[in-house]
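The values are calculated or read from the model by the stated rules, or taken from the named source; none is laboratory data. For clarity, every value in this text was computed on a predicted model and none was experimentally measured. Cβ: placed from backbone, ideal geometry, glycine included. Neighbour counts: every protein chain shown.
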């Protein structure tokens, strides 16, 4: 058919038109694929970071050359049966055939090999290479032990012209956990460098603005963000949400497209602010714009926005319980006497010993503590008399359910449950401030 | 009996007949006056009214945030077309609403179910709600989503044959959903009739209604399940219009704790903040408790207790409302004459139909006795003996409470406005705090009130006028006749304040001159002189005069209307203040109850034999109490044999006490002891330990 007749060079140019900066990989893959009826390597392993064009390159090659293929994403296949059935059913639908009346049922690898051969016969694909693309291939390691070796040697097992392409974000060395592997052919997709990123990003220039102008804008964005973020899709997102701000002076008639200095001056502080929320994606572009408008009115807004990001309003006793949990998590149990007993004059003694072997508990992370200790600390710090009502214990459970605490041992109340506090120092400081409690004074690391 | 016969000697549990409780019988037992029917009717009617009002409030409160969410869900897939995914080569993000709901988790269930119905009404019939407890694996999550979408009753109102019969046999994957959706909403699909029925007539849901998936408690989802689920959904975003709503109790940062960047970059999040639950609580208090519409009221202690539970424990309005409902039920249940707690219109009828016994019951109310003692002696006799006179008096008194309520709340709001801006808030920041003080005592006699009035006498003109303006605007609802002149009075005062500028101008220079003159002296003498000046100079500036007049006006208004309800005769009929009862039911402390039962069993058994000083052990007590009391004397580890000996010593009476029996107690005593110990273990006081043989560990600390 015409797909195989086109010389490789043509295909390369047509594919790389849609996916720039990936010519060498495309060339390599195409030469591996060869002619339709030629045998291909049994397995190809393509790896590279997210957004380096793995799936895009392979998909578009398979589509442009009209090769029989099936795409499976391992995330969806929570059991091996799903994987088999997805491949077999996909072969029908992806090749323009109607779905079989009853979807293929396949329980194990043995059946799969048999059914696969049968399907190829059915679809008259004996003389062509069939490609099975498995995305997120690292998941295969967690499935049945025979799946990965079997897929790698599928060509041999099925005795047909089939090529399995595995896509993954991690290196092949990490896949070698069992035995009986046939080594696949490894293709690496390296990260894009700055120029390449620019070339790719510029392709999505909005209408009404010249490519040079947009390139200018992108190089500004990259100059700020490239240090912290090299992920293409993240940069695409950033470029998209910040463009409106950049062109604001032009829209207002204060500057022209060539007035790059002026535009930069207006834009720079804004970008610095945006830098604080890279990767968070907490706002959609429309909301981001709204936030910006507000922040123009009062400069403090974004700063506030950041601190309010983690602010949580809690009931009064929950606050104290959380503080008590924090203290119990980060103070050694020995020090409780020093902090909470009313008559202790062992200050001098303890200080001398502890000077030497003092490791910062905040470096080590929270330690589990039993419920008794939590309650003891709670009663020591809380103001006024609090009856140990069911509501107090209920609050511990609700703190666990919102993941401010976590239960580490003991499933019921009788079996001395243990907890850990999961909040940060800054968070607990802000909670303590609302109840006028100086939490730092009670922390072992800070006395 | 036939079914129970068996070779084995085991015990069999029989499922008894389900006995439905007969309300009549249940109530009759505690009903001395035979008024329970009336009381039940009044309760049910009153609660129905309050409940509908609460529902209205809830929908009002959430309407704004729900509108925003609906708008978001609608707009996020406006340009969606089937097969549109192929045209757009760059993968799209899933539009996601991060809905920050607050930590009052008990309220969330209701909130989300209303959100679901709102979304189904206004956006799309395809709404699925996921709870973390159903979603412990990707498979369960997917099947939960699919079954909710497929078995949606809204979709199959007319053509029943469309229901996919067995969702169990279908493969649970997203591609099933995709093909189902495409079948259903394909434009080329030649079944316009079907489509029409989907829209439900008037509702226009667009050609491709989005599929909204709500996550009720995002924090509790297992991270890997959620990550996988989101990545799966992202793969199909080009083919079906998906919208996510994340219910987040804490803050948006929870999303980042759950999801790595690789997954969170698949989402396009927009944050929505639900109104805080305190706002809802204020609405409930203002519109349910602080209104003359509903005659039932909470007394000061109960009100404070319910507020405390809310503020200190859970922030849950639902629990507050439940508490209110419980208070109502208990009020009508325990108070035999509570059927008089009705609206003014029915009052007269009810009082005249009172039976002699009931009249007697009302007479016994403490507040009425106090009232009678205050009457002239000639009247006293009539009040106590003549039912007819008494009934007339009841009507007058109960009417008085109704009018008192109708006056109270508008004036109380004025007081709150006046004092809310005062530094340090001596009377409290919130209206509910002022109200709680009012319930407790006559507010105008408190020191804090006097302080407030003093401070008000020093406010500047702008502030005072602002306060007046606010008071004026708060008096919008239809006022009772006595207060009908209040708005115009306030208007007149405001008018005078406006005009005062012209008058004052002449006198101001004089004042400044004098103060300049005073500056040279030191602080102490200055104060002294100023005090003297103040005493001597009676003449105040017109503004100050008017200010004093205004404050006096308000003061007398407050003193007249803001009377403490407990000072009114027959207030018990409207006010419920059984603090202990509510506390026992709503803020229970199981631990102290268990300890109480074990250390002084006579408190619950109400037997004479066990009555003793705390700490002493008597053989008449139940075995478990004896074992408990003995274990209190032990240290962390308890030797079972010693414990047994002590137990035997206590249990056996003095006569047949001998060495041999203590050392080798008979089997019955041993069995009794072991039973007591295992009961204690069940209650969590001791547990077996491996640290030492024949020992158990104590799990509690402290003696009796």
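With under 40 Å from the mean Cα position of the chain (by Cα) and either closer than 13 Å to residue B:686 by Cβ or assigned to a helix (DSSP H, G or I) (or both) as the only criterion, which of B:638, B:624 stands out?
B:624
Being assigned to a loop (DSSP other than H, G, I, E, B), touching a residue at least 12 places away in the same chain (Cβ under 8 Å), under 29 Å from the mean Cα position of the chain (by Cα) and under 27 Å from residue B:216 (Cβ atoms) narrows it down to one of A:423, A:408, so name that one.
A:423
Checking the condition in contact with a helix residue (DSSP H, G or I) (Cβ under 9 Å, 6 or more places away or on another chain) and surrounded by fewer than 16 Cβ atoms within 10 Å (Cβ to Cβ), which residue from B:366, B:328 passes?
After applying the criteria, what remains is B:366.
Per-residue answers, yes or no, for (1) within 30 Å of residue B:288 (Cβ to Cβ); (2) over 24 Å from the mean Cα position of the chain (by Cα); (3) part of a helix (DSSP H, G or I); (4) in the same structural domain as residue B:312 (by TED's automatic domain parsing):
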| site | (1), (2), (3), (4) |
| --- | --- |
| B:563 | yes, yes, no, yes |
| B:569 | yes, yes, no, yes |
| B:581 | yes, no, yes, no |
| B:596 | no, yes, yes, no |
| B:604 | no, yes, yes, no |
| B:608 | no, yes, no, no |
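Regarding the range B:322-329, can at least one residue be identified that is farther than 23 Å from residue B:110 by Cβ, in contact (Cβ under 8 Å) with a residue 60 or more places away in the chain and assigned to a helix (DSSP H, G or I)?
Within the range B:322-329 (the criterion being farther than 23 Å from residue B:110 by Cβ, in contact (Cβ under 8 Å) with a residue 60 or more places away in the chain and assigned to a helix (DSSP H, G or I)), the answer is no, since none of the residues qualifies.
So which residues in the range A:202-253 are within 28 Å of the chain's Cα centre (by Cα), assigned to a helix (DSSP H, G or I) and farther than 23 Å from residue A:189 by Cβ, if there are any at all?
Residues satisfying the conditions are A:217, A:219, A:220, A:221, A:223, A:224, A:240, A:241, A:242, A:243, A:244, A:245.
Which condition does residue A:378 not pass, out of (1) surrounded by fewer than 17 Cβ atoms within 10 Å (Cβ to Cβ); (2) away from every other protein chain (no Cβ under 11 Å), if it passes all the others?
All conditions are met except number (1).
Restricting to the range A:381-401, name every residue that is more than 8 Å from chain B (Cβ to nearest Cβ) and more than 28 Å from residue A:338 (Cβ to Cβ).
A:397, A:400
Scan the range B:301-326 residue by residue and report those that are at pLDDT below 90 and either away from chain A (no Cβ under 14 Å) or under 24 Å from residue B:570 (Cα atoms) (or both).
Residues satisfying the conditions do not exist here.
Could you list, in sequence order, the residues of the range B:255-280 that are closer than 13 Å to residue B:102 by Cβ and either touching a residue at least 40 places away in the same chain (Cβ under 8 Å) or at the interface with chain A (Cβ under 7 Å from one of its Cβ atoms) (or both)?
Within the range B:255-280, B:272, B:273, B:274, B:275, B:276, B:277, B:279, B:280 qualify.
Between A:26, A:58, which is touching a helix residue (DSSP H, G or I) at 6+ places or on another chain (Cβ under 6 Å) and closer than 28 Å to residue B:266 by Cβ?
A:26
Just checking: which of the helices (runs of 4 or more DSSP H) contained wholly in the range A:19-128 hold 3 or more residues that are within 14 Å of chain B (Cβ to nearest Cβ) and at pLDDT 85 or above?
A:54-64, A:80-94
Could you say whether any residue in the range B:628-635 is more than 19 Å from residue B:593 (Cβ to Cβ), assigned by TED's automatic domain parsing to the domain that holds residue B:691 and surrounded by 19 or more Cβ atoms within 10 Å (Cβ to Cβ)?
Looking for residues that are more than 19 Å from residue B:593 (Cβ to Cβ), assigned by TED's automatic domain parsing to the domain that holds residue B:691 and surrounded by 19 or more Cβ atoms within 10 Å (Cβ to Cβ), one finds at least one in the range B:628-635, hence yes.
Which members of the range B:264-300 meet the condition of being modelled with pLDDT under 85 and assigned to a helix (DSSP H, G or I)?
Listed by number, the list holds a single entry, B:264.
Considering only the range B:100-139, state which residues are away from chain A (no Cβ under 13 Å) and part of a strand (DSSP E or B).
Those that are away from chain A (no Cβ under 13 Å) and part of a strand (DSSP E or B): B:127, B:128, B:129, B:130.
Report, by residue number, each residue of the range B:119-141 that is out of contact with any strand residue (DSSP E or B) (no Cβ under 7 Å at 6 or more places or on another chain) and at pLDDT below 90.
Scanning the range B:119-141 gives B:121, B:122, B:125, B:132, B:133, B:134, B:135, B:136, B:137, B:138, B:139, B:140.
So which residues in the range A:71-96 are touching a strand residue (DSSP E or B) at 6+ places or on another chain (Cβ under 9 Å), more than 11 Å from residue A:135 (Cβ to Cβ) and in contact (Cβ under 8 Å) with a residue 60 or more places away in the chain?
Matches in the range A:71-96: A:83 only.
Taking the stated definitions as given, is residue A:227 away from every other protein chain (no Cβ under 14 Å) and at pLDDT 90 or above?
Judged against the criteria, residue A:227 is not a match.
Looking at (1) at pLDDT below 90; (2) loosely packed, with under 14 Cβ neighbours inside 10 Å, which is the one condition that is false for residue B:662?
For residue B:662, the failing item is (2).
If a residue must be surrounded by fewer than 17 Cβ atoms within 10 Å (Cβ to Cβ) and within 14 Å of another protein chain (Cβ to nearest Cβ), how many such residues does the range B:551-590 contain?
Matching residues across the range B:551-590 total 6.
Could we say that residue B:231 is at pLDDT 85 or above, more than 30 Å from residue A:241 (Cβ to Cβ) and within 14 Å of chain A (Cβ to nearest Cβ) here?
So residue B:231 fails the test.
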